[in-house]
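Read through the structure below, which is laid out as C-alpha cells, and then see the notes.
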C-alpha cells in the first residue's frame with residue numbers, strides 16, 4: 001500500500017554562505033540544500049549535526065534556514081506563469 005499525505009507540512013533545511021574570491025575579485029553566494037524533514041524539531045537536530053562538521057562549524061547558526069512547505073500545493077507566486085528578464 002502506498003501512502004501519500006495530503007497537505008502535510010515538510011521542512012526544508014538549507015545553508016547560505018557568502019565568500020569573496022580574490023582571484024576573480026567578486027563575492028559569491030553558495031546555497032546548499034541539506035535535507036527535507038517531517039518536523040521543525042528534526043530540522044533543528046540536523047542543524048546541530050551539520051554545525052559540528054568542517055566548513056559549517058566556521059559559520060554562524062544563523063546561516064542555516066528552515067523553510068516550511070505544504071505538500072500537494074502549487075506555489076502561488078507562479079499561478080499566472082512568469083516573465084523572462086532577458
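The values are calculated or read from the model by the stated rules, or taken from the named source; none is laboratory data. Keep in mind that this is a model prediction, so the values were computed, not measured. Note that each Cβ is placed from the backbone with ideal geometry, even for glycine, and that neighbours are counted across all protein chains shown.
Condition check ((1) surrounded by 10 or more Cβ atoms within 10 Å (Cβ to Cβ); (2) touching a helix residue (DSSP H, G or I) at 6+ places or on another chain (Cβ under 7 Å); (3) at pLDDT 95 or above) across all residues:
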{"residue": "4", "(1), (2), (3)": "no, no, no"}
{"residue": "11", "(1), (2), (3)": "yes, yes, yes"}
{"residue": "37", "(1), (2), (3)": "yes, yes, yes"}
{"residue": "52", "(1), (2), (3)": "no, no, yes"}
{"residue": "63", "(1), (2), (3)": "yes, no, yes"}
{"residue": "71", "(1), (2), (3)": "yes, no, no"}
{"residue": "76", "(1), (2), (3)": "no, no, no"}
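For residue 50, state whether it is touching a residue at least 40 places away in the same chain (Cβ under 8 Å), at negative phi and in contact with a strand residue (DSSP E or B) (Cβ under 9 Å, 6 or more places away or on another chain). Let's see the steps before the verdict.
Numbers: touching a residue at least 40 places away in the same chain (Cβ under 8 Å): no; at negative phi: yes; in contact with a strand residue (DSSP E or B) (Cβ under 9 Å, 6 or more places away or on another chain): yes.
Considered against the rule, which asks whether it is touching a residue at least 40 places away in the same chain (Cβ under 8 Å), at negative phi and in contact with a strand residue (DSSP E or B) (Cβ under 9 Å, 6 or more places away or on another chain), residue 50 comes out as no.
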- Can you tell me which residue among 31, 47 is under 16 Å from the mean Cα position of the chain (by Cα) and part of a helix (DSSP H, G or I)? 47
- Working only within region 53-86, note down all residues that are without any contact (Cβ under 8 Å) to a residue 12 or more places away in the chain and not in a loop (DSSP other than H, G, I, E, B). 57, 58, 62, 76, 77, 78, 79, 81
